[in-house]
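Student: Sending over a structure as structure tokens; questions will come in a sec.
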Amino acid sequence: MKWMLIAAVMLALVVLVILVIGWSLPVAHVASRSATFAAPPEAVWKAITDITAFPEWRIEVTKVERLPDREGRPVWVEQSRTGRLTLAVERSEPPRLFVGRIADPSLPFGGTWTYEIAPAGGGSTLTITENGEIYNPFFRVMARFVFGYEGTITAYLTSLAKRLEH
């Protein structure tokens with residue numbers, strides 16, 4: 001019985017330390033990664049804006065459901081093993097700039113992904129910048145010290161490279 005009490009106190013202390021660290025981390029963060037592809041900017045643009053094709057090449061996306069446009073811009077829900085994520089186009093300047101925003105204020109995180117496409121030799125360079133916010137202090141600790149802010153961007157670029165090879 002004494003060991004169980006000690007274990008419970010230790011667990012509570014670990015959780016408290018994690019929360020204190022999370023509260024000390026900023027809510028907002030910026031993460032950015034770039035990749036160069038042999039494909040021209042128009043092909044990169046088509047891949048990143050063809051919302052209904054995401055399940056074909058983005059490993060984490062199992063289903064996409066289109067919603068009615070908002071202010072003339074696309075809105076959709078991405079289904080993955082971690083749940084549903086509603087996204088909306090905030091800005092679109094083909095074939096060089098695309099900005100998507102998390103469009104569900106009930107989530108413990110939010111923000112935008114900015115996709116900038118520039119010609120590079122015979123191909124193009126795509127730079128993705130995440131301007132994110134993580135409201136939950138526990139998730140801030142996980143993102144900062146476990147997953148990294150760039151992890152999702154890196155996985156996206158890897159999947160996109162495979163898509164553009166075909």
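Student: Could you figure out which of (1) part of a strand (DSSP E or B); (2) surrounded by 14 or more Cβ atoms within 10 Å (Cβ to Cβ) isn't true of Arg66?
Tutor: Tallying (1) part of a strand (DSSP E or B); (2) surrounded by 14 or more Cβ atoms within 10 Å (Cβ to Cβ), Arg66 fails exactly one: (2).
Student: Filter segment 1-46 for residues that are among the small types (Gly, Ala, Ser) and out of contact with any strand residue (DSSP E or B) (no Cβ under 7 Å at 6 or more places or on another chain); which is surrounded by the most Cβ atoms within 10 Å (Cβ to Cβ)?
Tutor: Only one residue tops the list, namely Gly22.
Student: Continuing with the same structure: Collect the residues in segment 119-166 that are surrounded by 14 or more Cβ atoms within 10 Å (Cβ to Cβ), of a type in the set (Ser, Thr, Tyr) and closer than 25 Å to Ile18 by Cβ, keeping them in residue-number order.
Tutor: Across segment 119-166, the qualifying residues are Tyr149, Thr152, Thr154.
Student: Exactly one of (1) touching a residue at least 60 places away in the same chain (Cβ under 8 Å); (2) over 21 Å from Leu97 (Cα atoms); (3) not aromatic (Phe, Trp, Tyr) is unmet by Thr62. Its number?
Tutor: Status for Thr62: all satisfied but (1).
Student: I need the full set of residues from segment 21-59 which are without any contact (Cβ under 8 Å) to a residue 24 or more places away in the chain and more than 22 Å from the chain's Cα centre (by Cα), in order please.
Tutor: Ser24
Student: Determine, yes or no, whether Thr154 is outside any loop (DSSP other than H, G, I, E, B) and either in contact (Cβ under 8 Å) with a residue 12 or more places away in the chain or in contact with a strand residue (DSSP E or B) (Cβ under 8 Å, 6 or more places away or on another chain) (or both).
Tutor: Numbers: outside any loop (DSSP other than H, G, I, E, B): yes; either in contact (Cβ under 8 Å) with a residue 12 or more places away in the chain or in contact with a strand residue (DSSP E or B) (Cβ under 8 Å, 6 or more places away or on another chain) (or both): yes.
It is true that Thr154 is outside any loop (DSSP other than H, G, I, E, B) and either in contact (Cβ under 8 Å) with a residue 12 or more places away in the chain or in contact with a strand residue (DSSP E or B) (Cβ under 8 Å, 6 or more places away or on another chain) (or both).
Student: Looking at (1) surrounded by fewer than 16 Cβ atoms within 10 Å (Cβ to Cβ); (2) acidic (Asp, Glu); (3) modelled with pLDDT of 95 or more, which one does Glu116 not meet, given that it meets all the others?
Tutor: (1)
Student: Can you name every residue in segment 27-63 that is under 19 Å from Leu87 (Cα atoms), in a helix (DSSP H, G or I) and among the acidic types (Asp, Glu)?
Tutor: Glu56 - this is the single residue of segment 27-63 that is under 19 Å from Leu87 (Cα atoms), in a helix (DSSP H, G or I) and among the acidic types (Asp, Glu).
Student: Would you pick out the residues in segment 124-151 that are under 21 Å from Leu25 (Cβ atoms) and either polar (S, T, N, Q) or assigned to a strand (DSSP E or B) (or both)? Spell out how you get there, then give the answer.
Tutor: Keep residues of segment 124-151 that are under 21 Å from Leu25 (Cβ atoms), which gives 129-151.
If the condition is that a residue be under 21 Å from Leu25 (Cβ atoms) and either polar (S, T, N, Q) or assigned to a strand (DSSP E or B) (or both), then Thr129, Glu130, Asn131, Gly132, Glu133, Ile134, Asn136 are the ones that fit.
Student: Taking the stated definitions as given, is Ser92 part of a strand (DSSP E or B), touching a Phe, Trp or Tyr at 6+ places or on another chain (Cβ under 6 Å), polar (S, T, N, Q) and surrounded by 10 or more Cβ atoms within 10 Å (Cβ to Cβ)?
Tutor: On the way: part of a strand (DSSP E or B): yes; touching a Phe, Trp or Tyr at 6+ places or on another chain (Cβ under 6 Å): yes; polar (S, T, N, Q): yes; surrounded by 10 or more Cβ atoms within 10 Å (Cβ to Cβ): yes.
When the stated conditions are applied, Ser92 passes them.
Student: While we're looking at this one, here's another question. Please go through segment 79-127 and pick out each residue that is of a type in the set (Ser, Thr, Tyr) and touching a residue at least 40 places away in the same chain (Cβ under 8 Å). Walk me through how you get there before you give the answer.
Tutor: Keep residues of segment 79-127 that are of a type in the set (Ser, Thr, Tyr), which gives 80, 82, 86, 92, 106, 112, 114-115, 124-125, 127.
Scanning segment 79-127 gives Ser92, Tyr115, Ser124, Thr125, Thr127.
The values are calculated or read from the model by the stated rules, or taken from the named source; none is laboratory data. All figures in this text were calculated on a predicted structure; none of them were measured in a lab. Here the Cβ is made from the backbone with ideal geometry for all residues, glycine too, and neighbour counts use every protein chain on show.
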